[in-house]
Amino acid sequence: MSTRAVLDASAAVRIALGGPGCDELAAFLDECSQVLAPTILTAEVANAIWKYTTSGTLSLAEAQERMNEALLLAEVLVPDAGLVEEALAAAADLKHPAYDLLYAVLARRKAATLVTADRALARLLGRMHVAAYCPEEPPKPLG
């Protein structure tokens, strides 16, 4: 596949922690010719993984390992500064947080597929003419 991908924090964390759909997300990235992300990925991944230390789910050492695994998924980090003006305009238009739209703007500019585990963001991307890859989560067992 010669598809470029833009990886968002939700997908990176899902892969690093082995959450639902992680195999599908990782397989999609493996088939891409290039994986990019805006630099906000680093702060968002660190913050998401930090939450697992506060709940006692991960030790600090485990959290740092998972964070590094998540961040290594992106081959190229693109500075946010060149994306923020367009992301803010899209956020105002779509009534959606600007930090999410940094990923969308980068994907649109690079004609890339945005890889996400955030279904709300994936649904919104069509309005921006951005392709999305967001695997379905397996159904939860009854009972």
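Points to keep in mind about this one:
- Within the listed set L124, L25, L114, the Gaussian network model of the chain (springs between alpha-carbon atoms below 10 Å) gives the highest mean-square fluctuation for L124.
- Interchain or long-range residues, amide H under 5 Å from L114's placed H: V6, A131, A132, Y133
- Separation in nanometres of the label points that stand 7 Å from Cα toward Cβ, at A43 and D30: 3.3
- Nonlocal amide H pairs with V78, under 5 Å, H built at 1.01 Å: A37, T39
- In order through the stretch 111-124: 3J(HN,Hα) via Karplus (6.51 cos²θ - 1.76 cosθ + 1.60), integer Hz, x for Gly, Pro: 6, 10, 8, 7, 9, 9, 10, 9, 5, 4, 5, 4, 5, 6
- At full extension, E69 and A81 could sit 1.8 nm farther apart than now, given 0.36 nm per residue minus the alpha carbon distance.
- Among R14, R108, R127: highest mean-square fluctuation, GNM of the chain, C-alpha pairs under 10 Å: R127
- Cα centroid separation - the stretch 67-143 against the stretch 1-59, whole Å: 11
- Using only alpha-carbon positions in the stretch 57-128, the gyration tensor eigenvalues give semi-axes of 26, 14, 12 Å once each is multiplied by 5 and square-rooted (largest first).
- For q = 0.20, 0.23 Å⁻¹, Debye-computed log10 I/I(0) when each Cα of the stretch 1-108 counts as one equal scatterer: -1.04, -1.21
None of the figures in this text is laboratory data; all of them are computed from the coordinates on show. Note that the structure is predicted; figures quoted are calculated from it, not measured. Cβ atoms come from the backbone with ideal geometry, glycine included; neighbour counts cover every protein chain shown.
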